[in-house]
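Engineer: Provided herewith is a single structure, encoded as structure tokens, for subsequent inquiry.
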Amino acid sequence: APIDLPGVKLSCNWMAACGEEGEDAALYDTVSAVAMELCPALGVSVPVGKDSLSMRTRWTDSEGEKQVTSPVSLVVTAFASLPDVRPTLTPQLQVGSELLLVDLGAGKNRLGGSILAQCTDQFGGEVPDLDEPAHLVALVAAINELRSANMLQAYHDRADGGLWSTVCEMAFAGGVGVDLNVDSVADLFAEELGAVAAVAAENVDRALAVFNDHGIGH
């Protein structure tokens, strides 16, 4: 959507089993990382939210007393007001588009928690992260510049499912086939932050120049 990051507000639902060993500290670290470090770096705020701090259940059966404790979790809903929704981009590809992957994971392709790891009964190791918040700020600015120049034909987020899922959804929406150039299977399934932008072939160099100008051309 055509937004600037300072116009985005977050509603945060913090969930933890307070009083259990280590859980209070884990909640503190999470709040500190999100509200005190990440949000100021992005220029977004958290005006509303709620907490659920008794995320445990206890019961007794024939084997004795048992307990299940939920790990610290955070559910975030982002919202923003728009003066005009018509410039909103969709994933619908057009025939002849060129696809550009903006990889905010900087090539790390961490597979922890990914669908690929789940399907192969693995944890997947290290999980994706936003290592450089400035890169996300730069991505929003670059996309807005390309949108204003009418160079973007389609756009889709990469983090929910990975590149394979992202491009399939774009292809399904447009009813087109796609050829991808990737270096490894991890490129397809790592759910790192990033986006796929579709531009006309004649605009590829101009689009790459815009990403370079914002410091994320690599």
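The values are calculated or read from the model by the stated rules, or taken from the named source; none is laboratory data. On a predicted model such as this, the values are computed, not experimentally measured, just so you know. Please note: Cβ atoms are built from the backbone with ideal geometry, for glycine as well, and neighbour counts cover all protein chains shown. The accessibility values were calculated without ligands, DNA or RNA, using every heavy atom of the protein model including side chains. Shrake-Rupley method; radii C 1.70, N 1.55, O 1.52, S 1.80 Å.
Engineer: Looking only at Leu193, Leu111, Leu53, which one moves most when the chain is put into a Gaussian network model with springs between Cα atoms under 10 Å?
Structural biologist: Leu53
Engineer: For the chain, what does -39500 (n - 2.57) per DSSP helix run (n ≥ 4), summed and divided by total residues, give at 222 nm, in deg cm²/dmol to the nearest 500? Walk me through the numbers on the way to the answer.
Structural biologist: Values: 7 runs with 62 residues, N = 218.
The helix contribution divided over the chain gives -8000 deg cm²/dmol.
Engineer: OK, next. Ratio of alpha-carbon Rg to the 2.2 N^0.38 Å globular estimate for region 90-165, to two decimals, please. Don't skip to the answer; put the middle values down first.
Structural biologist: Values: Rg = 14.7 Å, N = 76, 2.2 N^0.38 = 11.4 Å.
Taking the Cα Rg and dividing by 2.2 N^0.38 Å, one obtains 1.29.
Engineer: Oh, and also: So what's the net charge close to Ala16: Lys and Arg +1, Asp and Glu -1, counting the other residues with Cβ under 13 Å from its Cβ?
Structural biologist: On the way: positive: Lys50, Arg56; negative: Glu20, Glu21, Glu23, Asp24, Asp29, Asp51.
It works out to a net charge of -4.
Engineer: Same structure again: Let me know the whole percent of all Cα-Cα pairs from region 158-199 that are separated by more than 17 Å.
Structural biologist: Numbers: 216 of 861 pairs.
Percent of Cα pairs beyond 17 Å in region 158-199: 25.
Engineer: For the chain, go through all pairs of different Cα atoms, get the mean of 1/r, take its inverse, and jot down that Kirkwood value in Å.
Structural biologist: One decimal place: 19.6 Å for the Kirkwood radius.
Engineer: Once neighbouring chains are kept in place and the probe is 1.4 Å, which whole percent of the accessible area of the chain is contributed by carbon and sulfur? All intermediate terms of the calculation are to be shown ahead of the outcome.
Structural biologist: Details: 6760 of 12670 Å².
Reported share for carbon and sulfur atoms: 53 percent.
Engineer: State to the nearest 20 debye the size of the charge dipole of region 165-218 about its Cα centre, where the only charges are +1 on K and R beta carbons and -1 on D and E beta carbons. Present the calculation step by step, with values, prior to reporting the outcome.
Structural biologist: Details: 1 positive and 9 negative charges, 29 e Å.
Dipole about the Cα centre, nearest 20: 140 debye.
Engineer: Moving to a separate point now. Taking the inverse of the average 1/r across all pairs of different Cα atoms in region 31-149, what Kirkwood radius in Å do you get? Spell out each step's value before the answer.
Structural biologist: Numbers: mean 1/r = 0.0521 Å⁻¹.
Here the Kirkwood hydrodynamic radius works out to 19.2 Å.
Engineer: Given R₀ = 35 Å, what would the calculated FRET efficiency be for Asn150 paired with Asp129, taking r from the Cβ atoms and rounding to 0.05? Could the numbers behind the result be given before it?
Structural biologist: On the way: r = 34 Å, r/R0 = 0.96.
Taking R0 as 35 Å, the efficiency between Asn150 and Asp129 is 0.55.
Engineer: Still on this structure, I have one more. List the GluC sites (Glu not before Pro) within region 93-177 that fall in a DSSP loop (any state other than H, G, I, E or B) and whose Cβ has at most 16 other Cβ atoms within 10 Å. Intermediate values should be presented prior to the final figure.
Structural biologist: Details: sites: Glu98, Glu126, Glu145, Glu169; in loops: Glu126.
Answer in residue order: Glu126.
Engineer: If you scale each eigenvalue of the Cα gyration tensor by 5 and take the root, what three semi-axes come out for region 131-218, rounded to whole angstrom and sorted largest first? Working shown, then result.
Structural biologist: Values: eigenvalues 85, 61, 27 Å².
For region 131-218, the ellipsoid semi-axes come out as 21, 17, 12 Å.
Engineer: Further question on the same structure: Could you give the distance between the Cα centres of region 62-120 and region 13-52, to the whole Å?
Structural biologist: Comparing the Cα centres of region 62-120 and region 13-52, I get a distance of 19 Å.
Engineer: Any idea how far the Cα center of region 162-179 sits from the one of region 122-152, in Å?
Structural biologist: Region 162-179 and region 122-152 have Cα centres spaced 19 Å from each other.
Engineer: Give the residue from Val185, Gly175, Met151 lying farthest towards the positive end of the charge dipole for region 140-192; charges sit on Cβ (+1 for Lys and Arg, -1 for Asp and Glu) and the dipole is referred to the Cα centre.
Structural biologist: Met151
Engineer: With r defined as the distance between the Cβ atoms of Cys168 and Cys18 and R0 fixed at 35 Å, what FRET efficiency is calculated, to the nearest 0.05? Please report the intermediate quantities before stating the final value.
Structural biologist: Numbers: r = 41 Å, r/R0 = 1.18.
The pair Cys168/Cys18 has a calculated efficiency of 0.25.
Engineer: Further question on the same structure: May I ask which residue of Ser54, Phe123, Ser70 lies farthest towards the positive end of the charge dipole of region 49-139, with charges of +1 (Lys, Arg) and -1 (Asp, Glu) on Cβ and the Cα centre as origin?
Structural biologist: Selected residue: Ser54.
Engineer: If I model a spin label as a point 7 Å beyond the Cα along the Cα-Cβ vector, how far apart are those points for Asp183 and Val68 in nm?
Structural biologist: Roughly 4.2 nm, to one decimal.
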